[in-house]
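Participant: Have a look at this one.
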């Protein structure tokens, strides 16, 4: 009897077998498993695409709001139409634009163009201004007026519609009307006369904004 | 016999607790990552202020149509006003063309739009284009000092005048009851008298009184040689003059009278004015007060469109918006 108890005590303190390597293997496997799961969990969280950064959805919505607000203000102030009707008849293109009629460094030299530059260029936001109108044959004519590069994937667009009549005067850069009218000037080719009657054309002014 | 009981050495065996524990922790960490992702995405979606359905664009388009209709009315009134029929045809054809052009452009971004004219109200434009005193038609040297421009018009809009500051009565010289005023009388007998005069110190005053002569409100401005007053727009020289916003106190039909346009042989005011009323020249009862009269500068009338009502339809895959818009440029705010 005493021999049994001694035996049992001896056995409870240390077990004599060759399972030590299995235990080590088990420890290694569990360590690798734990490490792999920690690394996976850290990599899979969607922090970057959805939280604040220059590429996030919030920035896009904010820029869309700024663009729409700027266009609304221009329509209400009456500064959008003089910008669309800015035209140098002798040169056959808008004042101070490149030989192809496009501005590349900023907005046109009108009050609206100045507002665009102050709102966007000085904050590192590039923009593209397009006039979409109907050409006399019934198709669509897209005239690019300001091209500061190609929009990135995160560009947003805001647009407003204005109406031009045959007797609307063309404008100088400082906003004063010229003696010439839209309907009476043959080489006013940014927007063409799409209707025989008093209506000259309906123009959709489209502003695309993206962060440079 | 086969031993089916556990050998004694196995009593203290932990049965791979470490591995099981590691599995459990790994599963818990992956679950936490999943929950974190869901929370971030939900917060992002919930805080987006965007207009998913596109209702804002529909309202934008409605405002654009209203502006376009106002422009069509103004153009037709100005350029094609030989007869009432001419004005109406020009304006409605213009809106039909506008609808076609705009539909082509809106189709580019996936919207189907349509604008149809459903109703027009014709009227008369009463105007004086050349600087002159505010009496009526002068014939054989006689003209009336107090005269009625329109007896009972259902509505009036775009009433503005440009007066020559030097000719406006000065209350240092005239008494307040002698200066020029125009009077708008509403249906229930409510009266608003608008006096125009200058103070001895040179400032320009527009004062509104009720029928009994008690002052309700007034505006004082410093103006140059000319003063532009927009009665329906309630501005003097471009600045808001709250006193002129009295049309909401009057019921239609309106009666408009010019009083004290002369004091003896002196004019109390000179300038130009223009307004559009909703009575056609055929219905107007005061046509004998207007020109044309060859050899004399006189106030005149011409056919005009008063207002136009259009139906706007704006359709996207997610939204159908249909509404009526009434355009009457320059109508006083109610």
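Participant: Got at least one residue in the range A:124-133 being in a loop (DSSP other than H, G, I, E, B) and crowded, with 17+ Cβ neighbours inside 10 Å?
Facilitator: Checked against the condition, which is being in a loop (DSSP other than H, G, I, E, B) and crowded, with 17+ Cβ neighbours inside 10 Å, the range A:124-133 yields no hits at all.
Participant: Return yes or no: is residue B:303 modelled with pLDDT under 95 and part of a loop (DSSP other than H, G, I, E, B)?
Facilitator: Answer is no for this residue.
Participant: Further, regarding this structure: Considering only the range A:185-197, I want to know if a residue exists there that is in a loop (DSSP other than H, G, I, E, B), more than 8 Å from chain B (Cβ to nearest Cβ), buried (at least 16 other Cβ atoms within 10 Å of the Cβ) and in contact with a helix residue (DSSP H, G or I) (Cβ under 9 Å, 6 or more places away or on another chain).
Facilitator: yes
Participant: Let me ask another. What number of residues within the range A:142-179 satisfy the criterion of being free of Cβ contacts under 8 Å to residues at least 60 places away in the same chain, at the interface with chain B (Cβ under 10 Å from one of its Cβ atoms), part of a strand (DSSP E or B) and crowded, with 17+ Cβ neighbours inside 10 Å?
Facilitator: Number of matching residues: 3.
Participant: Kindly provide the set of residues from the range A:76-97 that are out of contact with any helix residue (DSSP H, G or I) (no Cβ under 7 Å at 6 or more places or on another chain) and assigned to a loop (DSSP other than H, G, I, E, B), ordered by number.
Facilitator: Once the filter is applied, which keeps residues that are out of contact with any helix residue (DSSP H, G or I) (no Cβ under 7 Å at 6 or more places or on another chain) and assigned to a loop (DSSP other than H, G, I, E, B), the range A:76-97 yields A:78, A:85, A:87, A:89, A:90, A:91, A:92, A:94, A:95, A:96, A:97.
Participant: Name every residue in the range B:79-115 that is exposed (fewer than 14 other Cβ atoms within 10 Å of the Cβ), touching a residue at least 12 places away in the same chain (Cβ under 8 Å) and more than 30 Å from residue A:156 (Cβ to Cβ), in order of residue number.
Facilitator: B:82, B:83
Participant: Contact list please: Cβ distance under 7 Å, first residue in the range A:18-34 and under 19 Å from residue B:25 (Cβ atoms) and at the interface with chain B (Cβ under 9 Å from one of its Cβ atoms), second residue outside any helix (DSSP H, G or I) and at pLDDT below 85, pairs at least six apart or on different chains.
Facilitator: Taking only residues 6 or more apart or on different chains, the pairs are A:26/B:16.
Participant: Let me ask you something else. Could you please give the count of residues in the range B:260-278 that are within 12 Å of residue B:134 (Cα to Cα), out of contact with any helix residue (DSSP H, G or I) (no Cβ under 9 Å at 6 or more places or on another chain) and at pLDDT 90 or above?
Facilitator: Adding up the residues that qualify gives 3.
Participant: Could you check residue B:215 against (1) within 22 Å of residue B:332 (Cβ to Cβ); (2) surrounded by 14 or more Cβ atoms within 10 Å (Cβ to Cβ) and say which number it fails?
Facilitator: Checking residue B:215 against (1) within 22 Å of residue B:332 (Cβ to Cβ); (2) surrounded by 14 or more Cβ atoms within 10 Å (Cβ to Cβ), the one that fails is (2).
Participant: Given B:229, B:196, which one is in a strand (DSSP E or B), in contact (Cβ under 8 Å) with a residue 60 or more places away in the chain, surrounded by 14 or more Cβ atoms within 10 Å (Cβ to Cβ) and under 24 Å from the mean Cα position of the chain (by Cα)?
Facilitator: Going through B:229, B:196 in turn, the sole match is B:229.
Participant: Restricting to the range A:101-121, what's the tally of residues that are within 23 Å of residue A:189 (Cβ to Cβ) and not in a loop (DSSP other than H, G, I, E, B)?
Facilitator: Total meeting the criteria: 4.
Participant: Going residue by residue through the range B:79-89, is there one that turns out to be at the interface with chain A (Cβ under 9 Å from one of its Cβ atoms) and touching a strand residue (DSSP E or B) at 6+ places or on another chain (Cβ under 6 Å)?
Facilitator: No - not one qualifying residue is present in the range B:79-89.
Participant: Please verify whether the range B:36-47 includes one or more residues that are more than 9 Å from chain A (Cβ to nearest Cβ) and under 30 Å from residue A:161 (Cβ atoms).
Facilitator: no
Participant: Oh, and also: Would it be correct to say that residue B:201 is touching a residue at least 40 places away in the same chain (Cβ under 8 Å), assigned to a loop (DSSP other than H, G, I, E, B) and more than 23 Å from residue B:127 (Cα to Cα)?
Facilitator: No; evaluated as a whole, the condition is false for this residue.
Participant: A further question on this structure: Please work out which one of (1) modelled with pLDDT of 90 or more; (2) surrounded by 12 or more Cβ atoms within 10 Å (Cβ to Cβ); (3) at the interface with chain B (Cβ under 10 Å from one of its Cβ atoms); (4) out of contact with any helix residue (DSSP H, G or I) (no Cβ under 7 Å at 6 or more places or on another chain) is the condition residue A:73 fails and give its number.
Facilitator: (3)
Participant: From the residues in the range B:5-20 that are at pLDDT 70 or above and more than 7 Å from chain A (Cβ to nearest Cβ), which one is surrounded by the most Cβ atoms within 10 Å (Cβ to Cβ)?
Facilitator: The extreme case among them is B:20.
Participant: Turning to a different aspect of this structure: Could you list, in sequence order, the residues of the range B:158-178 that are crowded, with 18+ Cβ neighbours inside 10 Å and at pLDDT 90 or above?
Facilitator: Correct list: B:158, B:159, B:161, B:163.
Participant: Looking only at the range A:94-137, filter to residues that are within 20 Å of residue A:202 (Cα to Cα) and without any contact (Cβ under 8 Å) to a residue 40 or more places away in the chain; which one of those is farthest from the other protein chains (Cβ to nearest Cβ)?
Facilitator: Here the answer is A:112.
Participant: Which residues, taken from the range B:152-177, are part of a strand (DSSP E or B) and over 24 Å from residue B:233 (Cβ atoms)?
Facilitator: B:170
Participant: Could you check the range B:116-174 and list, in sequence order, the residues that are more than 18 Å from residue B:261 (Cα to Cα) and touching a helix residue (DSSP H, G or I) at 6+ places or on another chain (Cβ under 8 Å)?
Facilitator: Passing the criteria: B:116, B:117, B:120, B:122, B:125.
Participant: Which of the residues that make up the range B:49-65 are within 11 Å of chain A (Cβ to nearest Cβ) and either assigned to a helix (DSSP H, G or I) or in contact (Cβ under 8 Å) with a residue 24 or more places away in the chain (or both)?
Facilitator: Residues satisfying the conditions are B:56, B:57, B:60, B:61, B:63, B:64, B:65.
The values are calculated or read from the model by the stated rules, or taken from the named source; none is laboratory data. Since we're looking at a predicted model, the values are computed, not measured. Positions of Cβ are backbone-derived with ideal geometry, glycine not excepted, and every protein chain shown enters the neighbour counts.
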